[in-house]
1. Step by step: first the residues of the range B:23-35, then only those that are under 32 Å from the mean Cα position of the chain (by Cα) and either more than 8 Å from DNA strand C (Cβ to nearest atom) or closer than 18 Å to B:K54 by Cβ (or both), then the one that is surrounded by the fewest Cβ atoms within 10 Å (Cβ to Cβ). Which residue is that?
2. Let me spell it out: the conditions are (1) of a type outside the set (V, I, T); (2) in a loop (DSSP other than H, G, I, E, B); (3) within 14 Å of chain A (Cβ to nearest Cβ), and B:L310 meets all of them except one. Which number is the exception?
3. If a residue must be surrounded by 13 or more Cβ atoms within 10 Å (Cβ to Cβ), more than 47 Å from the chain's Cα centre (by Cα) and either near DNA strand C (Cβ under 8 Å from one of its atoms) or not hydrophobic (A, V, I, L, M, F, W, C) (or both), how many such residues does the range A:8-22 contain?
4. Examine the range B:307-319 for a residue that is more than 19 Å from A:R268 (Cα to Cα) and in the same structural domain as B:L182 (by TED's automatic domain parsing), and state whether such a residue exists.
5. Looking at the range B:149-183 only, could you name the residues that are within 15 Å of B:V71 (Cβ to Cβ), in contact with a helix residue (DSSP H, G or I) (Cβ under 6 Å, 6 or more places away or on another chain) and in a loop (DSSP other than H, G, I, E, B)?
6. Of the numbered conditions (1) touching a helix residue (DSSP H, G or I) at 6+ places or on another chain (Cβ under 7 Å); (2) within 11 Å of DNA strand D (Cβ to nearest atom), B:K28 fails exactly one; give the number of that condition.
7. State yes or no: is B:A266 farther than 21 Å from A:A79 by Cβ and within 14 Å of chain A (Cβ to nearest Cβ)?
8. Report every pair of residues separated by at least 6 positions or lying on different chains whose Cβ atoms are under 8 Å apart, first residue within the range B:15-26 and of a type in the set (D, E), second at pLDDT below 90 and more than 8 Å from DNA strand C (Cβ to nearest atom).
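The values are calculated or read from the model by the stated rules, or taken from the named source; none is laboratory data. Computed from a predicted structure; not experimentally measured. Cβ sites come from the backbone with ideal geometry, for glycine too, and all protein chains shown count toward neighbours.
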There are 2 protein chains.
Amino acid sequence: MTTVEQQGKLTLAAIAQEAGVSVPTVSKVINGRDDVAAETRSRVMAVLARTGYKSPVQQRRNLTGRQAVEVVYDSLDSAYSIEVLNGILEAAGAADIEVVLSVTKRVPSRLTPEQRARRIVDEGRCGMIMVTSAFSEAQLDAFHRRGVPTVVIDPLNPPSGKAVSIGATNWAGGKDATSHLLDLGHRKIAYLGGPEGVECNQARLHGYLAALRAGNVAVDDRYILQGSFKSESGVEGMKKLLQLKDRPTAVFAANDNVALGALAEARRQNILVPEELSVVGFDGTYQSEESVPALTTVAQPLQEMGRAALRFILRQMRGELLDSRRVELATQLVVRESTAPPPGP
Amino acid sequence: MTTVEQQGKLTLAAIAQEAGVSVPTVSKVINGRDDVAAETRSRVMAVLARTGYKSPVQQRRNLTGRQAVEVVYDSLDSAYSIEVLNGILEAAGAADIEVVLSVTKRVPSRLTPEQRARRIVDEGRCGMIMVTSAFSEAQLDAFHRRGVPTVVIDPLNPPSGKAVSIGATNWAGGKDATSHLLDLGHRKIAYLGGPEGVECNQARLHGYLAALRAGNVAVDDRYILQGSFKSESGVEGMKKLLQLKDRPTAVFAANDNVALGALAEARRQNILVPEELSVVGFDGTYQSEESVPALTTVAQPLQEMGRAALRFILRQMRGELLDSRRVELATQLVVRESTAPPPGP
DNA sequence: CTGGCGGATCGAAATGTTTCGAAACCGAGG
DNA sequence: CCTCGGTTTCGAAACATTTCGATCCGCCAG
């Protein structure tokens, strides 16, 4: 009976004979044409499944892995974004997976989450990476339901169980940065925060608070400002801090952009960094290295986060179980020129 | 003689007969296989070009729904890159076209240009944008032959006739920057250049030279340095310039990164900008705005260049004729805080 | 009942693509 | 000069895909 298995060659013709149809019909079934009766289609599919036939295209797909991940950014406007993106691109290149990039802020998508998920599946994407985006439960649900592995990097809202979430040890990083300043002798340390609701910003703030508590330094609410992750926010924040009667001697900024803004404003007001004021940033982008003075900062393994995101997608594709739905990569304090002991009284 | 034109059908067989080869050979030429002799290949290509043969894949490409452009960067590591990318993304979003991004430097592609072109056609890409990349004639040839519209932005090597090339008025921009410094009274103006062989760098240099000539200022070879487009290059260049007995009073840097490097080094050596030294950059990235002092720079319409690239792809897809193979968008001198008249003697 | 219409289904034939082996060619020894 | 192994080039044949027309079937009007 099983004529197909007997002869070695596995061709459309063999399948066709087995299923009792013509070669073109088998081809149509494989290529998903709709001019095949349901009954015929299922008969052919049964034979295909039994024999394990792979069309040349499918065979090549396994070789070249012409798959793609969808990468969605909220906006693409900082060194942070690029570094993460470079990590993703590197890992994707190594795995021979294509990267389809889109940004939601500039071009608000007209699609509902469902439509979007639908489309992503249709286009044959094997996964989805969302970077610093706000996303709804509905969106994650849609991907989850359709079996599209999803990873979020530094999500704006708290991570949900539906997707794997990747971040850095923001709390520990905030604590390290603040401890560093305390160790130098600072007691009046300000926090120049990012957007209030954002998860990673809160973690950094709480790391800062924890360090102060551990160092027995009272928290001064006037020293804690919220803003955005942009450099203007650092400029604005710095202006406010410098108007205080009791100026802080050190500033821990929520990220490098804000820190650079703070640095710029200090400079404008002829305040010497680090002699009169210490500044610590967060992110460890290349900008922190190139500034004058070079910025002491809490480096996140940004590229590694991108690479990790892609690796998680691959693992989920292979059906491996994940150890955890939330991964935090270690930050590291990099001491450069922008921090020093506080000025004498 | 021209048997092909006589009969209406335009098939591989007809082409093959016309060119005096077999059908498979024609197929191989179209698909860029390498087992075809150069002489044979060109003969077949001549017939293909003359008859205007379009493979079924090419014919179908215009019809299929969701389209994508392939965007290739040499590397993605500067504000310049992001701004151009944002322009592309914006235009792509508006036209409902996907962006497939890849960088060549980090992950050297294992594919030959032909394979790459092949894949791009297979995946249904409707076009290709190369940004600040070095590319070979072979690559452009491969895309050209397969009818994939190709646009290069700020190519490293001189543009070829095979692709549309987009850039800025680098020469005019270099001239404007230098004239601005001359107008302020500077006579000792240095050029802190980028990589020597790169087209746009040369154009800026020649704009600089032209302005000096027009201002009757002798060119001093010690004031002209070459390097890279990175900020370290600005640091290094600045060190050299400041060691000269006869220091320049102004520096025109090949791009903002270099200018920021120069600014940083000046700062380290306690040289006041702009009081003692004027600095002009090129690009007009957001970094130039945020630096202290804010950088006078020649702004390129970076986002517009990205948008224009995508528009060109769309036009070529629609089969419209292009006015020109080379487009230069206007630059604009943005005067900020880093330039001032030279110090008195 | 008959004929005509239309959509669904399928395969013959046309067309394009890939594999594989034959022929031609090449260069280094003998 | 020939020989021998390797490479390049090409097309026959095998294979896959697409087009297009044939066939079948149900439906409806006459």
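1. We begin by selecting, within the range B:23-35, every residue under 32 Å from the mean Cα position of the chain (by Cα); these are B:28-34.
Checking the rest, the ones that are also either more than 8 Å from DNA strand C (Cβ to nearest atom) or closer than 18 Å to B:K54 by Cβ (or both) come to B:28-32, B:34.
Values: B:K28: 18, B:V29: 23, B:I30: 20, B:N31: 17, B:G32: 20, B:D34: 9.
Top of the filtered list is B:D34.
2. Here B:L310 clears every test but (2).
3. Summing the residues that are surrounded by 13 or more Cβ atoms within 10 Å (Cβ to Cβ), more than 47 Å from the chain's Cα centre (by Cα) and either near DNA strand C (Cβ under 8 Å from one of its atoms) or not hydrophobic (A, V, I, L, M, F, W, C) (or both) in the range A:8-22 gives 5.
4. Within the range B:307-319, not a single residue is more than 19 Å from A:R268 (Cα to Cα) and in the same structural domain as B:L182 (by TED's automatic domain parsing).
5. As a first pass, look at the range B:149-183 and keep what is within 15 Å of B:V71 (Cβ to Cβ): B:149-155, B:163-164, B:166.
The next check asks that each one be in contact with a helix residue (DSSP H, G or I) (Cβ under 6 Å, 6 or more places away or on another chain); those that pass are B:149-151, B:153-154, B:163-164, B:166.
B:P149, B:D154, B:A163 - these are the residues of the range B:149-183 that are within 15 Å of B:V71 (Cβ to Cβ), in contact with a helix residue (DSSP H, G or I) (Cβ under 6 Å, 6 or more places away or on another chain) and in a loop (DSSP other than H, G, I, E, B).
6. Tallying (1) touching a helix residue (DSSP H, G or I) at 6+ places or on another chain (Cβ under 7 Å); (2) within 11 Å of DNA strand D (Cβ to nearest atom), B:K28 fails exactly one: (1).
7. Against the criterion (farther than 21 Å from A:A79 by Cβ and within 14 Å of chain A (Cβ to nearest Cβ)), B:A266 qualifies.
8. From the range B:15-26, the pairs are B:E18/B:T2; B:E18/B:T3; B:E18/B:V4; B:E18/B:V47; B:E18/B:T51.
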